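Before any comments, here is the structure.
Taken together, the values in this text are just the output of simple stated rules run on the coordinates, not laboratory data. Since the model is a prediction, treat every value here as computed from it, not as a measurement. When we count neighbours, we look across all protein chains shown, and the Cβ atoms used for this are built from the backbone with ideal geometry, even at glycine.
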Number of protein chains: 4
Amino acid sequence: MNAISEMLDTYPKDLGGIDKAKLTECIEACLECGQACTACADACLSEDMVAELTKCIRTNLDCSDVCATTANVLSRHTGYDANITRSILEACRTVCKACADECEQHAEMHGHCRICAEACRRCEDACAALLETL
Amino acid sequence: MNAISEMLDTYPKDLGGIDKAKLTECIEACLECGQACTACADACLSEDMVAELTKCIRTNLDCSDVCATTANVLSRHTGYDANITRSILEACRTVCKACADECEQHAEMHGHCRICAEACRRCEDACAALLETL
Amino acid sequence: MNAISEMLDTYPKDLGGIDKAKLTECIEACLECGQACTACADACLSEDMVAELTKCIRTNLDCSDVCATTANVLSRHTGYDANITRSILEACRTVCKACADECEQHAEMHGHCRICAEACRRCEDACAALLETL
Amino acid sequence: MNAISEMLDTYPKDLGGIDKAKLTECIEACLECGQACTACADACLSEDMVAELTKCIRTNLDCSDVCATTANVLSRHTGYDANITRSILEACRTVCKACADECEQHAEMHGHCRICAEACRRCEDACAALLETL
């Protein structure tokens with residue numbers, strides 16, 4: 001995903017002092033986490049014990065949607081509004097934490113929940129790190 | 001969009017005391033606002049004075065993404081987590097307010113900005129009203 | 001959802017002879033179907049017999065994503081490219097047919113599948129009707 | 001983005017003979033292209049000559065939406081329906097080609113268009129390669 005930082009480097013106007021490394025990490029973490037959550041919801045659906053994984057599936061689906069939207073908002077710099085960026089990062093941090101907490105409960109039994117929990121935790125941390133710089 | 005309330009009425013488990021009317025209104029407002037924002041971004045693109053509308057276009061795009069995600073989160077009830085719902089509603093209210101404020105500045109000159117501003121304000125209000133009940 | 005047609009009416013350039021009524025209907029059908037599919041996937045998750053509804057849930061999720069994207073593409077008119085519009089409408093018609101067929105199999109037992117199947121069928125028809133005019 | 005292949009490896013049921021390497025490449029290409037297109041639309045918005053880039057922006061926005069949806073559909077394996085996968089891959093290949101063609105016209109003048117065109121071409125090729133295996 002080198003394109004993320006290359007797109008930042010070729011943005012034609014000033015980026016307003018944003019921490020490029022933390023921004024790049026956060027966009028990549030959102031994309032990775034969003035995909036892992038979509039895949040984890042689907043893997044849970046195929047488990048024989050799906051009836052015990054319904055809260056996990058639902059949280060995965062929310063997390064996937066919020067991560068995709070956050071990646072989009074963070075990929076835009078024109079007419080920057082810190083309130084928008086902050087509020088979507090707060091939402092993303094919240095849902096990534098909830099999804100990591102939920103998936104961790106099934107991590108020993110299901111490899112997809114373990115990998116997804118790790119992706120959610122990375123994304124939660126990346127959102128928190130970026131929020132601190134705003 | 002009668003399907004929104006019909007889907008709520010046929011949800012097989014308890015909805016946990018949520019205000020069905022306010023929830024239905026909020027989902028519909030999110031869908032309407034998201035579509036209006038996508039269309040307003042595109043209409044701004046086709047204005048001869050597009051160079052003066054770039055902040056409007058950007059805010060429209062953010063608002064469209066956040067509204068679509070909020071409509072999805074609000075359409076799920078299984079394994080409800082109030083923290084997730086609250087944080088995405090806060091983000092949606094924030095971006096709808098920003099987009100309404102921006103579009104209102106062009107409302108006299110551009111009909112699409114006037115209609116979009118109204119949709120954003122309705123969605124901001126619907127998010128605020130639903131947040132009060134949580 | 002009056003905003004859909006109002007946004008079309010205030011688009012600043014020529015719409016290129018598109019059938020406005022069919023376009024408006026198709027955008028609205030996509031938004032309605034996308035929401036119904038998100039809600040139906042979640043309602044299926046809460047059924048005691050969720051293990052028998054996993055294909056339905058998966059098809060609902062695909063249909064929801066494709067309908068949301070199709071609504072966005074149809075809401076843009078600047079730099080129109082008929083190949084893009086046609087290919088996403090074909091994909092949307094295909095997934096709406098698949099989802100309607102799947103949900104209809106559970107329509108007698110689950111009210112949410114009945115309502116969702118109707119929304120999918122309306123959207124399939126709206127995509128087909130719009131495709132005929134392109 | 002190692003999580004993409006790790007999620008595939010931990011899927012609990014049979015993947016039905018799909019080419020895992022090509023599937024992984026295609027999901028990653030969709031995520032990369034979708035992000036590049038969102039960023040390119042925004043970078044074009046900040047160019048002084050934005051009025052000459054409106055078709056590019058519009059095509060970027062379509063491509064971003066379709067790529068995100070395609071990544072989601074490809075990340076699901078439960079209740080697989082080849083018709084759905086094929087039709088969304090066809091749409092994605094079509095819009096990636098259109099966006100690559102458009103961005104290439106501005107590639108010498110705008111670095112973001114050059115990088116985005118490359119991401120679109122990779123995604124077009126990855127969709128075509130995966131389609132051949134279905």
All but one of (1) in a helix (DSSP H, G or I); (2) of a type in the set (A, V, I, L, M); (3) closer than 30 Å to D:G79 by Cβ hold for D:I18; which doesn't? (1)
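Name every residue in the stretch D:102-134 that is part of a helix (DSSP H, G or I), more than 20 Å from A:D9 (Cβ to Cβ) and over 14 Å from the mean Cα position of the chain (by Cα), in order of residue number.
Residues of the stretch D:102-134 that are part of a helix (DSSP H, G or I), as a first pass: D:102-104, D:111-133.
Add one more test, that the residue is more than 20 Å from A:D9 (Cβ to Cβ), and what stays is D:102, D:123-133.
D:E102, D:E132, D:T133 - these are the residues of the stretch D:102-134 that are part of a helix (DSSP H, G or I), more than 20 Å from A:D9 (Cβ to Cβ) and over 14 Å from the mean Cα position of the chain (by Cα).
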Between residues in the stretch B:76-95 that are farther than 26 Å from A:Y80 by Cα and residues that are aliphatic (A, V, I, L, M) and surrounded by fewer than 22 Cβ atoms within 10 Å (Cβ to Cβ), which pairs lie under 8 Å by C-beta distance while being six or more apart or on different chains? B:H77/B:L15; B:H77/B:I18; B:D81/A:A98; B:A82/B:L134; B:N83/A:A98
Breaking point among (1) part of a helix (DSSP H, G or I); (2) within 8 Å of chain C (Cβ to nearest Cβ); (3) surrounded by fewer than 24 Cβ atoms within 10 Å (Cβ to Cβ), for D:V73: (3)
Which condition does C:M7 not pass, out of (1) in a helix (DSSP H, G or I); (2) without any contact (Cβ under 8 Å) to a residue 40 or more places away in the chain, if it passes all the others? (2)
Consider C:I57 carefully, then state whether it is facing chain D (nearest Cβ under 9 Å), in a helix (DSSP H, G or I), aliphatic (A, V, I, L, M) and under 30 Å from C:A3 (Cα atoms). no
Take the conditions in a helix (DSSP H, G or I), among the small types (G, A, S) and either within 7 Å of another protein chain (Cβ to nearest Cβ) or in contact (Cβ under 8 Å) with a residue 40 or more places away in the chain (or both) and apply them to A:A36. Does it pass? yes
Among the candidates A:R93, A:R58, A:R76, which residue alone is under 11 Å from the mean Cα position of the chain (by Cα) and basic (K, R)? A:R93
Name the single residue, out of those in the stretch B:10-27 being in contact (Cβ under 8 Å) with a residue 40 or more places away in the chain, under 27 Å from C:H106 (Cα atoms) and within 15 Å of the chain's Cα centre (by Cα), that is nearest to the other protein chains (Cβ to nearest Cβ). B:I27
Among (1) under 19 Å from B:P12 (Cα atoms); (2) free of Cβ contacts under 8 Å to residues at least 12 places away in the same chain; (3) within 14 Å of the chain's Cα centre (by Cα), the one test that C:S46 misses: (3)
